[in-house]
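Written below as structure tokens is the structure these notes are about.
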Amino acid sequence: MFRKTMLTGKPQACTVNAAVPTHEAAASDAVPDQLSRSLKTQGDAMVQYGARLLVLREFLAALCAGMSPERRDSVEGAFRKRVDDLLCLTDDRQLPEAFHTTLLAEVNYYLGELKRR
């Protein structure tokens, strides 16, 4: 009996004692492959999100640096209002504690940037 291999494309002899993969073995091998692909995709998405966040932070810091103190005060007031509205929306939903912690840390970071410049 002969079968074609995937890598070389050359037929190789099968021995009588060679294990032939069953449907169950193929299915169980597929689950780790699917999980691995899913984790890689999610990991790639998180890296891309992190890069976008860093660029956005730097962009906003540059904008703050170019603003007059009066303009920064105005932006801070508008930002605080929008954050209050956002917090009202998130209070009605069950979100993980890490979400709230990160949200408040980001708000404080940007408020600090507005004050620092």
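Each value in this text was obtained by applying a stated rule to the coordinates, not by laboratory testing. This is a predicted model, so every value here is computed, not measured. So basically every Cβ, Gly included, is an ideal-geometry build from the backbone, and we count neighbours across all protein chains shown.
Annotations
- With the simple spin-label model, which puts each label point 7 Å out from Cα in the Cβ direction, the residue 82 to residue 44 separation comes to 3.1 nm.
- Top positive-direction residue, dipole computed over segment 41-117 with Cβ charges, set 46, 56, 100: 56
- A simple spin-label model places the labels of residue 94 and residue 57 3.2 nm from each other, with each point 7 Å out along Cα-to-Cβ.
- Net charge of neighbours whose Cβ lies under 13 Å from the Cβ of residue 45, counting Lys and Arg as +1 and Asp and Glu as -1: +2
- Segment residue 68-residue 33, extension gain: residue separation times 0.36 nm, minus the distance between their alpha carbons: 7.1 nm
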